[in-house]
Amino acid sequence: MRKTKRALACMLAAAMLASLTACGSKEASNDATTAAPAGTTAAEAAKEETTEAASAEETKAASDDEMTLDELIKAAQDEASAPGAGSFMVYAPTSRIAKALDAFKETYGIESEYYNESGQDLYTKLTTELEANTKDTADVVLMQDSYLFQTQLVNYDYVTNYVPPYLADVIIEEDQAPLVCYYYNKLFIYNNTDGSEGITNIWQLTEDAFKGKLFMKDISKESVNKNFLAMLTSDAWAQKLADAYKEQYGADITLDEDCENAGYQFIKNLLANVTFGSGDGDIATELSNGLGGNMGLFVYSKLRDDSVDQSKLSVVAYGEPQPAGFSGFMYPMYLQMVTSTDRPYTAKLFIYFLMTEDGFKSAFQTKAADIGTYSTNTTIAPLEGDKDLAFWKECLVREDPVYLPEAYAGGVLDFITYCTQ
Amino acid sequence: MNKTKNKVRAFFSKPANVILALFAALLVLLTLYPLCELVHHTFVVHATDATVLPGLKKGELTTASWKKLLFTESHKYSLINFYRPMFNSVLLATLSALFALVFGGTVAWLVTRSNLKGKKFISTVFIFPYIMPSWTLALFWLNMFKNPGVGTGSPGFVYSLTGLMAPEWFVYGLLPMVIVSGLHYAPFAYIFIGGILRNMDANLEEAATILKTKRTRILLKITLPIVKPAILSTFLLAFASVMGSYAVPIYLGSPVNFYVLTTKMKTLQTTAIGQAYIIALVMVIAGALIMMANSLLTGTRKSYTTVTGKSSQISLVDLKGANPVITAVLCLLLFFVCIMPLFSFALESVIIKAGDYSLSNMTLNYWFGASGSVSTTVGDTGILRDPAIWSAIQTSLKLSVCCALIAGSCGVIIGYAVVRRRGTKLSQWVSGLSFFPYLIPAMAFGAIYLAIASSFSFLANSFLVLVLVGSVKYLPFATKSGTNAMLQLSAEIEEAATIFGVSWWKRMTKIIIPIQKASIISGFLLPFTSCMRELSLFVMLVSSKTQTLTTMLMTYNEKGASQYGNAINLLIIVLVLAINFAVNKLTGASIDKGVGGN
């Protein structure tokens, strides 16, 4: 007994010692690391000079588009092998970016790292690091949410738009400034059992028949859902909604006192019927197992997930006729170069790579189930059973980076929150 | 002049003083500074604030965020975004903490003080709910009780089995949130209260028994006062944890529009981050108020020493005829809340289409499948074939061990010093400070440390920053158990050694630590376990090289790859259990044994 106690005491002492030395060595390594930057300041200064030279060169290259693809590849590879080259880092809201980076390495032999976080923390992390001038931050970003993209990055020149000249002809013109890599869509999808037939007009979703039968991800969890609702208050969508209302009920819409236009009225009536779910995947799975007639608003790609019984779910956009109004919404993934990047050529090459068919497919269309992702490169065809970008742009609500900040400044979010209660 | 010098010398000749001074300085740096940053951020215009607060520019100082959040009447803004969620948060946190206390405390008493059967089983499984990330317990609740009468109407386990339809208030809302959060934090009560009950000197109770005091009176007048500090600190820990928890309210609250401060904070983070920081600050203040109440209550009473040099036999209460009944009910209950989730996770990780439990719908491909064997939105191989998972396992383990060692050791030392210098200003200062990290919501804590790390290149995206933030955040656990342990330890034991000229180091390692090993080791295991399942704290600080299991789990849960999610969840629990088991075998102590499983 005493022996075990002594052994225990020794172990604990050892553990404490170890942790103390851990503290010590931590400090030591702190010192080492703090010392390291001090030691490299000279080298850094030298490097800064070269980057300055490089950026001067680069503006020249960017301005006259003279650089051929081969020259760009060469310049990028030189950056990677240059002494003191920092790591090439990509921030994205999807873990799929890892596959693109693997393919990038395979094609051009350039190593890279990534950070992925699907929510708003991605912006918080990026802007915090950029404000602090952290060296070890993103070089290229793939960002969703037009509102945050505009107000947090573009307004402060944190990102620079780069359209690879080699692909300028095949990338859809309106998606070039800022460059959109691809779109995701979230569609109204319903459980078609029990003889349910979906909707013919978007206003039907606001009727009592859909009370508690309409599901979407909590707007506090995903900001693109908020943007979608905010977009409906724009003049164009308010008009479309007013028209759809007239089509459905044969009379002009009468607005409540707190509703400025048909968009506000629609939000108010719609949210009264909505039940929030925790995530698109859960909603899709639950919907396919649940009752007939339930309607969900979630990303299209979930339809091909193994855990979802596809035969029980129907997409309203494929209905004959398509519902008056709209059939869901879509949101862009902006692909941008971080302005302060120390690897400009690598950044450009990576942007080029992700815009090519090979690059795009390496990450976002790896298999037949990867529907619901639409490259803005017109040479990349949609997957079997999916429609092309033009089809979706017709029937879905799209984010407008100019209108959204206006709407938010005007308090549209206060209104939306008010309606969720 | 000489007098002051001597005073200083005398002050520092006591090890306890040196420790206190050292940690006071360190804690000011590591916790007070982040707190000041938090306050500062509520007055700064951020990029997001600049859009919704017209006329202001990024970087300016303003009180507009405060005005907007606290005093806006249009669209009931303040009511919806602040007052109502605050009321809900306080209600939820109070009820959950009480539930945790009553449930955990009762079980701790039964295990340590009665002749209950099946103690081994009970004390082993009781900590399971704490190991599971809290939202998975919420998911389990939904999987159990959802039915055609609520939500999407997809059938849950209980409905499929019995056809019983639970009403909506039982599936969503305050009640299930209190139960789930309460269950999740009941192990706090069990560990802290149980630890004291087991170690307490039975002489007091024996004396009362000899004097023919009634059982209930002994419980109320002797046992409860002795465990009062543990009760209060458990309440505080559980309260602060529930206040800061985000996932449970999202899963169980938002479907019925039950919003709390954390859900609002997350919403405001993108649209008005200044207001989000105000909410974080309010949560800190709420915790601080409870802490002040705590120290007022424990500060005025005299210290109850429970471990003296004299040994004594604890007499167990005979439950008599109620014994089998209580044992059966408790075991059944624990089986349901502690073991069933594990089965549920295992099951959900192998079925392809949710809700179909036939054998043809099952596959192990989500665990071991080669590339292309499964189709989800996030991956197509089994998780154990994914190198990213293996690297995440390594990071998680390494991180948790580092944090546990650092936090645990510091906790023991702080506990010792605080108790030895009890009543001095410095001691109160350090004890209060060491608790502060726990009151700052993990989300805000992570955000502040991100800002700090970004200014120091050696910290940015490094493993070191994860260790730092984890150790600081979980220091309160270690300090609490360290302090609790030392409070019980009569000073005479150490004094006896001091008289014989035994050095401080030897006194610590030969006397104090061995006597209180149970409480001390639980002080190591709690930070470890908490670290293993922590998410919000680390989510902004990880890089692709330092992904942890929970950040991977979140990605999978977010993308709806529930099989992967369940598999990783199970992996985390199994890992933690394996480590606990190993510690148990190596040292003879563990979280559960700390309270009398033997």
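Below is a table of values for the structure above.
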| item | result |
| --- | --- |
| Centroid-to-centroid separation of the stretch B:407-457 and the stretch B:319-368 [C-alpha atoms, Å] | 39 Å |
| Proximal aspartates and glutamates relative to A:LYS240, as straight alpha-carbon distance under 19 Å, when same-chain residues fewer than 8 apart are discounted | A:GLU207, A:ASP252, A:ASP256, A:GLU260, A:GLU394, A:GLU399, A:ASP400 |
| Cβ-based net charge around B:LYS320, under 14 Å, with every Lys or Arg adding one and every Asp or Glu removing one | +1 |
| Highest-first arrangement of B:43-51, B:246-254, A:313-321, where packing means the average Cβ count within 10 Å | B:246-254, B:43-51, A:313-321 |
| Counting DSSP beta bridges with both ends in the protein assembly as shown, the antiparallel % (nearest 5) | 60 percent |
| Radius of gyration and Dmax over the Cα atoms of the stretch A:280-381, both given in Å | 17.7, 55 |
| Residue (of B:TYR416, B:PHE345, B:TRP367) at the positive-pole extreme of the stretch B:326-458, dipole from beta-carbon charges | B:TYR416 |
| Amide H contacts of A:VAL338 (H built 1.01 Å from N, under 5 Å, at least 5 apart or other chain) | A:VAL140, A:VAL141, A:THR160 |
| For residues of B:66-76, the mean tally of beta carbons on other chains within 10 Å | 2 |
| Amide proton proximity set for A:ALA324, modelled H, under 5 Å, gap of 5+ | A:ASN201, A:ILE202 |
| When each of A:LYS186/A:LYS393; B:LYS517/B:LYS585; A:LYS226/B:LYS473 is checked by Cα-Cα distance, pairs over 21 Å | A:LYS226/B:LYS473 |
| Net charge dipole size for the protein assembly as shown [Lys, Arg +1 and Asp, Glu -1 on Cβ; Debye, nearest 20] | 8420 debye |
| Space enclosed by the convex hull of the alpha-carbon atoms of the stretch B:211-272, per residue, Å³ | 108 Å³ |
| Lys, Arg +1 and Asp, Glu -1 on Cβ, resulting dipole of chain B about Cα centre, debye, nearest 20 | 2040 debye |
| Sequence-distant aspartates and glutamates (8 or more away, or on other chains) whose Cα lies within less than 12 Å of B:LYS506 | B:GLU494 |
| Averaged over A:151-160, number of beta-carbon atoms from partner chains that fall within 10 Å | 3 |
| Per-residue mean of C-beta atoms belonging to partner chains within 10 Å, peptide A:364-374 | 1 |
| Euclidean distance of C-alpha centroids, the stretch A:125-194 and the stretch A:273-313, integer Å | 27 Å |
| Burial order of peptide ranges A:83-93, B:541-551 (average beta-carbon count within 10 Å, highest first) | B:541-551, A:83-93 |
| J(HN,Hα) series, the stretch A:204-213, from Karplus relation 6.51 cos²θ - 1.76 cosθ + 1.60, nearest Hz, glycine and proline x | 4, 5, 8, 7, 4, 4, 9, 4, x, 10 |
| Cα-based Rg of chain B normalised by 2.2 N^0.38 Å, two decimals | 1.00 |
| Cα-based Rg and Dmax for the protein assembly as shown, where Dmax is the largest Cα-Cα distance (Å) | 29.9, 100 |
| Table column - 3J(HN,Hα) (Hz), the stretch A:410-416, Karplus curve with 6.51, -1.76, 1.60, x for Gly and Pro | x, x, 5, 5, 4, 5, 4 |
| Leading residue at positive end of dipole, the protein assembly as shown (Cβ point charges), from B:LEU236, B:VAL325, B:VAL150 | B:VAL325 |
| Sequence-distant residues sharing a close amide H with B:SER114 (under 5 Å, placed H) | B:VAL317 |
| Chain B: relative contact order as a whole-number percent, Cα under 8 Å and 6+ apart | 21 percent |
| Rg(Cα) / (2.2 N^0.38 Å) computed for the stretch B:191-302, rounded to two decimals | 1.54 |
| The stretch B:14-30 and the stretch A:80-96: distance between their alpha carbon centers, rounded to Å | 41 Å |
| Solvent accessible area, Å² - B:ILE290, 1.4 Å probe, full protein context | 40 Å² |
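The values are calculated or read from the model by the stated rules, or taken from the named source; none is laboratory data. The model shown is predicted, which means the values in this text are computed figures rather than measured ones. FYI the Cβ positions are ideal-geometry reconstructions off the backbone, even for glycines, and counts take in every protein chain you see. These area figures cover heavy atoms from the full protein model, side chains too; ligands, DNA and RNA do not enter into them. Shrake-Rupley method; radii C 1.70, N 1.55, O 1.52, S 1.80 Å.
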